[in-house]
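The values are calculated or read from the model by the stated rules, or taken from the named source; none is laboratory data. Keep in mind the model is a prediction, meaning the values are calculated, not measured. As a convention, Cβ positions derive from the backbone with ideal geometry for all residues, glycine included, and neighbour counts pool all protein chains shown. Protein only, heavy atoms only, side chains kept; ligands, DNA and RNA dropped before computing areas. Shrake-Rupley method; radii C 1.70, N 1.55, O 1.52, S 1.80 Å.
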Amino acid sequence: MDSMAPFSDPVLSQRSAEAVIQLAKQYIQLNGRKPVFMEVCGSHTMALAKTGVKTRLNEYVQLIAGPGCPVCVTDQRTIDSMISLSKERGSILCTFGDMMRVPGSKHSLLEAKTEGKDIRVVYSPLDSLRIAEKNPDKEIIFLGIGFETTIPLLAAAIKEAEQRGLTNFSIWMTTKLVEPVLRALLDAGEIQLDGFLLPGHVSVVLGKESYSFLTEEYKMPGVISGFEPVQLLSSIYKLLQLCLENTAEIINDYPYAVSSSGNAAAKSLMKKYLQPGDEDWRGIGTIPNSGLVLKEKYQNFDAKRKFKITIDSPRKTKCRCGEVIRGLTAPEECPLFSKACTPANPIGPCMVSAEGTCAAHYHYMKEE
Amino acid sequence: MCVGVPSKVIRLEENRALVDVMGSKIYVGILFVPEVKINDYVLLHAGQAMTIINEEYARESIEEWRNIIDGQHGTLF
Ligand code: SF4
């Protein structure tokens, strides 16, 4: 696609990095410290590491990974409950691939599958409806994990299941919303932040307007960014500019994909089937109304009502994922990083997920 | 989970579209982009087109960005 090619052009990337560094130097001179920005989205964490942008800017801009990797922010008890679901007789568990290797207190879904449990990786929640139709004598449970980019797909699956009259399909909802967790992070005041690099794909659904709470209530600037090196650098540059001008504003630096009000069809589907509910976040605890759950009317699709799961207290490990997702600890500061914990043998979800901060640091930023 | 590569719409059917993702052709849902047309580029997520890329805005954005860094360093291009 010609119009998008320049965003990954190496020469333009190089010049963009130089422009950012020049502006960051001004900031450092004025404030006596580096600017500190949080990238909210796990795909940004991965992209910043993979493209080398994070390493290139390291001396001038501190980029902290935020709570935007859906698997990583999922509380251990929730992970254990989801893994326990695989023991339900006559059930087929469907999940996104990311979940398979996430360590539970006792075992992972991959281990459960090796033991003979019927667990299937699907590309889309809608694929699990086909499995439900082909297996009318089995209960199909989809592990509904994700942020606002994925939640409309879960709502779409419920709509489809309703239309097809499926009674053997349900979703175990553990969805997460961006606004409540950003509020929780800012209210906790544990980290000093100068601005947010806002998530490109979540914003496709939510729209630019959804971030006005950041500027109005927290006086915090933010820039919505794409994922290619030039897009990331241009957004960091604009964030720096806002900080230098002392302006709390939201800039949409991804206007060719993100609109002001978001995706109307996705929003109305979520509104029809779902309502806010409390969610447990790893390392943060319960945040009121920080997720979406099925409305009472659609409870026959709610796996949490269909299946009563009991789990033991989670096993304690030295994993510091909880602090990593709050931006308090860098993966390298975890004593297990790259020693006991590697992508081949992950101890925590941040090392498993394709969007996990520890995995990003291990693959692209580890000093040999 | 949230990876999106711009994919070109090459055929439209009632509820789905055939798209070209870096040379592979796959069907995706168009529930969230009912206004999509042939030759549009869309961003995909888990089997659904989530948004249509506005190519004009993309070109404008890159132009604006080139102007910013040219202004800062003097023109090299
Ligand atoms: S390196 Fe491993 S053990 Fe340490 S915080 Fe990351 S995932 Fe957890």
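Taking label positions 7 Å along the Cα-Cβ direction at both B:ILE68 and B:ILE10, the computed distance is 3.6 nm, reported to one decimal. Helix A:151-163 and the longest principal axis of the C-alpha atoms of chain A enclose an angle of approximately 30°.
In order along the range A:329-346, the Karplus-derived 3J(HN,Hα) couplings, from 6.51 cos²θ - 1.76 cosθ + 1.60 at θ = phi - 60°, round to 10, 8, x, 4, 7, 6, x, 8, 3, 6, 10, 6, 10, 9, x, 6, 9, x Hz, and Gly and Pro are given as x. Computed from Cα atoms, the angle from the helix A:125-134 axis to the main principal axis of chain A rounds to 20 degrees.
Given their separation in residues at 0.36 nm each and the Cα-Cα distance between them, B:GLU56 and B:VAL21 gain 10.5 nm when the chain is fully extended.
Around the amide H of A:ILE251, modelled in the peptide plane, lie the amide H atoms of A:GLY222, A:VAL223, A:ILE224, all under 5 Å away and 5 or more residues distant in sequence or on another chain. Name the aspartates and glutamates eligible as straight-distance cross-link partners of A:LYS54: C-alpha to C-alpha under 16 Å, and not fewer than 8 places from it in the same chain. Result set, ordered by chain and number: A:GLU18, A:GLU39, A:GLU228, A:GLU332, A:GLU355, A:GLU367.
In plain terms, the chain from A:LYS25 to A:ASP137 could stretch by 33.8 nm, reckoned as 0.36 nm per residue minus the Cα-Cα distance. Per-residue ellipticity at 222 nm computed for the protein assembly as shown from its helices equals -10500 deg cm²/dmol, with DSSP H segments shorter than 4 residues left out and the rest contributing -39,500 (n - 2.57).
Surface listing: B:TYR57, A:TYR273 arranged by accessible area from highest to lowest gives B:TYR57, A:TYR273, probe 1.4 Å.
Taking θ as phi - 60° and the Karplus parameters 6.51, -1.76 and 1.60, the scalar couplings of the range A:230-237 work out to 5, 5, 5, 5, 4, 5, 5, 4 Hz in sequence order, x denoting glycine and proline. Helix B:55-73 versus the longest principal axis of chain B: what angle, 0 to 90°, nearest 10, using Cα atoms? Once rounded, one gets 20 degrees.
Computed from backbone phi, the HN-Hα couplings of the range B:6-11 come to x, 10, 8, 7, 10, 8 Hz, rounded to whole numbers (Karplus: 6.51 cos²θ - 1.76 cosθ + 1.60, θ = phi - 60°; Gly and Pro given as x). Label-to-label distance for A:TYR364 and A:GLN299 is 4.5 nm, based on points extended 7 Å past Cα in the beta-carbon direction.
Dividing the Cα convex hull volume of chain B by residue count, how many Å³ per residue is that?
Spread over its residues, the Cα hull of chain B gives 116 Å³ apiece.
Taking the range B:26-47 and a reference point 7 angstrom along Cα→Cβ of A:ARG130, the backbone N atoms nearer than 14 Å belong to B:26-29, B:47. Summing Cβ point charges (Lys, Arg +1; Asp, Glu -1) relative to the Cα centre of chain A gives a dipole of roughly 920 debye.
With q set to 0.06, 0.14, 0.15 Å⁻¹, the log10 of I(q)/I(0) for chain A, from the Debye formula over equal scatterers at the Cα positions, is -0.23, -1.20, -1.34.
Modelled spin labels at A:GLU162 and B:ILE38, positioned 7 Å past Cα toward Cβ, are 3.4 nm from each other. Using a probe of 1.4 Å on the protein chains alone, the accessible area found for A:LEU30 is around 130 Å².
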